[in-house]
1. Considering only residues that are open to solvent by 10 Å² or more (accessible area, probe 1.4 Å) and assigned to a strand (DSSP E or B), look in region 147-172 and name the one that is nearest to the ligand (Cβ to nearest atom).
2. Does region 119-138 contain any residue that is part of a strand (DSSP E or B), of a type in the set (A, V, I, L, M, F, W, C), more than 14 Å from the ligand (Cβ to nearest atom) and surrounded by 14 or more Cβ atoms within 10 Å (Cβ to Cβ)?
3. Given (1) in contact with a Pro (Cβ under 7 Å, 6 or more places away or on another chain); (2) crowded, with 18+ Cβ neighbours inside 10 Å, where does F83 come up short, assuming only one miss?
4. Just to be sure I understand, how many residues within region 81-110 are touching a residue at least 60 places away in the same chain (Cβ under 8 Å), within 11 Å of the ligand (Cβ to nearest atom) and among the hydrophobic types (A, V, I, L, M, F, W, C)?
5. Before we move on, is F206 of a type outside the set (V, I, T), away from the ligand (no atom under 16 Å from the Cβ) and under 30 Å from K4 (Cβ atoms)?
6. Could you grab me the full set of residues in region 2-33 that are crowded, with 17+ Cβ neighbours inside 10 Å and among the small types (G, A, S)?
7. Find the residue count for region 211-237, including only residues that are assigned to a loop (DSSP other than H, G, I, E, B) and within 15 Å of the ligand (Cβ to nearest atom).
8. Counting only residues that are surrounded by fewer than 20 Cβ atoms within 10 Å (Cβ to Cβ) and among the hydroxyl-bearing types (S, T, Y), which one in region 34-80 is farthest from the ligand (Cβ to nearest atom)?
Amino acid sequence: MFNKTLEEGHRKMFQKELSKEELEKFQTFQEELLYWNERMNLTAITDEREIAIKHMLDSLSPLKEEGVMEKGKVIDIGTGAGFPGIPLKIMRPSLEMTLLDSLQKRLNFLKGVIEKLGLENITTLHGRAEDYGRAPEHRETYDYAVSRAVARLPVLLEYALPFVKVGGFFICQKGPGVMEELEASTKALEVLGGEVVRIEEVALPFVERGHHMIMIKKTAETPKKYPRQAGKPGKSPL
Ligand SMILES: C[S@@+](CC[C@H](N)C(=O)[O-])C[C@H]1O[C@@H](n2cnc3c(N)ncnc32)[C@H](O)[C@@H]1O
């Protein structure tokens, strides 16, 4: 059921077949997710078909944009059980992927997944986005930041934009409240050096509800005082 849904759904979304190797990797990831989900809290979605659609295919939606994430350094902020970072890495093995989360046990799960799938050029990073966003080895060094289901946009921008090089992009997915979140983000975009370049409605195969993909270009360096200390962006968003 998982494989069939993923294959058909991928074909509908991208008009392209998944290779045998890609399919095997997705399947192993799904099996690991379900196995470990019995032992720790990884996902509320446990139906195989739903995992294929709402986790795997949903994570791939940035790839619908032509020329996006063909190569370069990517950070997935608040990756949780590996979404969208692992599916993106399966489809684009040449990406240099960093999976960031503040929960160590989820990263331990991901280290196992990375080994089982034989993925290379992928690392896990334990801690808060606000702290790594100030660290010179991470600040403004990524071509892309991605993030799904982590925070409202004004908060998320303060987590994400400090990681992105000027000229790079932050890509996130948002549900029905997208326009309201965008309106609330005017100040954050201006202060942190970002500009919305695309808002795309993404339809997911087999289900009614899709989402919006927002592409934000980093247009200027983020001032040194951002991100503020851990917890502050969430408590008092820009
Ligand atoms: C609701 S989960 C979403 C996980 C995954 N992105 C997905 O779409 O399934 C949010 C994740 O973000 C992490 N997180 C929240 N705030 C964070 C922060 N400031 N820095 C790093 N990770 C954070 C949490 O630990 C959690 O794993």
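1. Looking only at region 147-172, we keep the residues that are open to solvent by 10 Å² or more (accessible area, probe 1.4 Å), and these are 148-152, 155, 159, 165-167, 169.
Filter once more, so that each one left must be assigned to a strand (DSSP E or B): 148, 165-167, 169.
Values: R148: 4, K165: 20, V166: 23, G167: 24, F169: 17 Å.
Result: R148.
2. The first filter runs over region 119-138 and keeps only residues part of a strand (DSSP E or B), leaving 122-126.
From what is left, the residues that are of a type in the set (A, V, I, L, M, F, W, C) are 122, 125.
Now drop any that are not more than 14 Å from the ligand (Cβ to nearest atom), which leaves 122.
Going one step further and asking which of them are surrounded by 14 or more Cβ atoms within 10 Å (Cβ to Cβ), we end up with 122.
Yes, because at least one residue in region 119-138 is part of a strand (DSSP E or B), of a type in the set (A, V, I, L, M, F, W, C), more than 14 Å from the ligand (Cβ to nearest atom) and surrounded by 14 or more Cβ atoms within 10 Å (Cβ to Cβ).
3. Going through the list (1) in contact with a Pro (Cβ under 7 Å, 6 or more places away or on another chain); (2) crowded, with 18+ Cβ neighbours inside 10 Å, F83 breaks only (1).
4. Of the residues in region 81-110, the ones touching a residue at least 60 places away in the same chain (Cβ under 8 Å) are 83-85, 87, 90-91, 105-106, 109.
Imposing the further condition that a residue be within 11 Å of the ligand (Cβ to nearest atom) reduces the set to 83-85, 87, 105-106, 109.
Filter again for among the hydrophobic types (A, V, I, L, M, F, W, C), leaving 83, 109.
Residues meeting the conditions: 2.
5. Numbers: of a type outside the set (V, I, T): yes; away from the ligand (no atom under 16 Å from the Cβ): yes; under 30 Å from K4 (Cβ atoms): yes.
Yes: the conditions hold for F206.
6. Within region 2-33, the first condition is being crowded, with 17+ Cβ neighbours inside 10 Å, and the residues that meet it are 2, 5-6, 9-10, 13, 18, 22-23, 25-26, 29-30, 32-33.
Listed by number, the list holds a single entry, G9.
7. Initially, region 211-237 is screened for residues assigned to a loop (DSSP other than H, G, I, E, B), giving 219-231, 236-237.
Adding the requirement that they be within 15 Å of the ligand (Cβ to nearest atom) leaves 226-231, 236-237.
The total comes to 8.
8. Once the filter is applied, the top-ranked residue is Y35.
The values are calculated or read from the model by the stated rules, or taken from the named source; none is laboratory data. Quick caveat, the model's predicted, so the values are computed rather than measured. Neighbour counts run over all protein chains shown; Cβ positions are idealised from the backbone, glycine included. These accessible areas exclude ligands, DNA and RNA; they are computed on the full protein's heavy atoms, side chains included. Shrake-Rupley method; radii C 1.70, N 1.55, O 1.52, S 1.80 Å.
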